[in-house]
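See structure below.
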Amino acid sequence: MCKVMQTKIVTLIYVLLTPFYLLSLIIPKNKKLIVLGSSLGQHFADNPKYLFLYLEKHSPAFEYYWITKNKNLYLKMKSERFLYLYSWKGLWILLRAKYLVLSHQVNDIFPPLHGGKKIIQLWHGTPLKRLGHDRDALLNSKTKNFLKKIFYAVFPHLYYMRADYIIVAADNQKKIFSSAFKLPEKKIFVLGQPRNDILFQKEKISSVYTDKTDFLHTLSSYNKVISWLPTHRHGSNKNIMNLLFDYSFNPKEINRQLKENNSILIIKPHFIELNVLKDKLENFSHIYIYDEADPYPLLSFTDILVTDYSSIVFDFSMTKKPIILAPFDYDEYLNNFKDFYYNYDILLKDYPKVYDWKELMNLIFCEKKIIEGRNFLAEFNQFEGNSCERVVKFLENLVTGSLYIND
């Protein structure tokens, strides 16, 4: 079943469950109870993950839980504060919580029970491409946007961009998020992204962060750890296989080059495409498929980041390690996705660009013209570290009524 059809079916189910939303409005809320969730409820990842792990080591002035729709993930975590949504305790905690902390959209945690709640949106990166209202205004017809406006007026709990507070990494993002979410800038707070704290703490990475701990700690034996993190081509027929084999990816030759230079190429698909490459490249000693949803433990061990249109470039730039842009399908992508906030070439002009795998390998192992030791995107991250601490302080002020917003 295609993703569009799945989305329509889920939306229909949520519409039919609207009576439960109305019921959730009248359930008394615990003002010191916060529920976290991420990645459409399927993964333990992104900014809420690192905030949750920070909370586990500290004693905040509020009660907190993680709620997931993924039963296998719930069974794996084995934590009293990690709940399965479709259980009596999971449903009750969600009904009673006053605050939700999300990373993607309202469907990170079951929308039909969102009545009477405030949403704190941590989001999942500094946006290169347009979001929410901005994207709709650019790409949709006026009629479609008008119909969507009516639909979300009737079913407000289903509006995927609903948020009451947003956390961003720098002042220059407040205007963008304000426009995308139709939220006043006074409700957008510059506190940093919790997930970026781990970029400077790889020695602390253990099994609570990733199942790949043993693998990650073997990477110090390589001269270069090269991580490729391409963007998911939503709305097109392309997937990560196209980005490999349509652009001169010769695994045998690339593996030879990597082996000769004692280097490893780690391919990290978008979490939507984690299974696309399964078993496809397992016979190559120096090419590895990283099949976890969360890339941030991997980034802590990465020497060279290769990406294309992903906002991960803003985060990794803080490490001052080399970044190579590989927009293999540049003309096609920009023609299909005309929704960038910035001019791609101007914003990222200081980073080298390659347009197929031969160019990429040549740049790394032959030309070696890779810039390091500089952060060309410093204005997009005002903080290096301690973002979790700042966000927790914000939440404590919020739940205790100490947060002051000038009206």
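A short reminder: the numbers here are calculations on the coordinates, not readings from a lab. Fair warning: this is a prediction, and the values are worked out from it, not measured in the lab. Note that we place each Cβ from the backbone using ideal geometry, even for glycine, and neighbour counts take in every protein chain shown.
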Exercise. Tabulate in residue order the Karplus-calculated ³J(HN,Hα) for the stretch 378-390, using 6.51 cos²θ - 1.76 cosθ + 1.60 with θ = phi - 60°, rounded to whole Hz; enter x for Gly and Pro.
Key: 4, 5, 8, 9, 7, 10, 10, x, 6, 5, 4, 4, 5
Quiz item: Expressed as a rounded percentage, what relative contact order does the stretch 201-380 have, with Cα pairs under 8 Å and six or more residues apart?
Solution: 24 percent
Quiz item: Looking at the stretch 201-380, what % of the alpha carbon pairs are farther apart than 19 Å?
Solution: 58 percent
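What percent does the relative contact order of the chain come to when contacts are Cα pairs within less than 8 Å and at least six residues apart?
Relative CO of the chain lands at 17 percent.
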Quiz item: Which of the lysines could a cross-linker bridge to Lys144, judged by Cα under 21 Å and excluding same-chain residues fewer than eight apart?
Solution: Lys3, Lys8, Lys129, Lys182, Lys338
Quiz item: Alpha carbon centre of the stretch 144-187 versus the stretch 37-94: separation in Å?
Solution: 24 Å
Self-check item: Positive-end residue of Pro269, Tyr288, Asn107, charge dipole of the chain with Cβ unit charges
Solution: Asn107
Self-check item: Student exercise, the stretch 201-380 dipole from Lys, Arg, Asp, Glu Cβ charges, in Debye to nearest 20
Solution: 400 debye
Self-check item: Which of Ala169, Leu219, Asn70, positive extreme of dipole for the chain (C-beta unit charges)
Solution: Asn70
Practice problem: Show which aspartates and glutamates lie in cross-link reach of Lys32 when reach means a straight Cα distance below 14 angstrom and same-chain residues fewer than eight apart are skipped. | Solution: Glu63, Glu396
Quiz item: Once label points are set 7 Å from the Cα along Cα→Cβ at both Asn242 and Lys358, what is their separation, rounded to one decimal in nm?
Solution: 2.2 nm
Quiz item: Percent relative contact order of the stretch 1-112, based on C-alpha pairs within less than 8 angstrom and at least six residues apart?
Solution: 38 percent
Quiz item: What's the angle, to the nearest 10 degrees (0 to 90), between helix 142-154's Cα axis and the longest principal axis of the chain?
Solution: 50 degrees
Exercise. Could you run the Karplus curve 6.51 cos²θ - 1.76 cosθ + 1.60 with θ = phi - 60° over the stretch 191-197 and give me ³J(HN,Hα) per residue in whole Hz, x for Gly and Pro?
Key: 10, x, 9, x, 5, 6, 4
Quiz item: Given H placed 1.01 Å from N in the peptide plane, which residues other than close sequence neighbours of Tyr341 have an amide H under 5 Å from its amide H?
Solution: Lys129, Arg130
Quiz item: Got a sec to turn the phi values of the stretch 247-258 into Karplus ³J(HN,Hα) couplings, 6.51 cos²θ - 1.76 cosθ + 1.60 with θ = phi - 60°, whole Hz, x for Gly and Pro?
Solution: 10, 6, 7, 10, x, 5, 5, 5, 4, 4, 4, 4
Exercise. Name the long-range amide H neighbours of Phe82: under 5 Å, sequence gap of 5 or more, or other chain; modelled H, no Pro or chain starts.
Key: Trp66
Quiz item: Hey, in the GNM for the chain with a 10 angstrom Cα cutoff, which one of Asn47, Asn381, Asn72 fluctuates hardest?
Solution: Asn72
Quiz prompt | Cα-Cα over 28 Å, subset of Lys89/Lys202; Lys268/Lys393; Lys321/Lys349 | solution = Lys89/Lys202; Lys268/Lys393
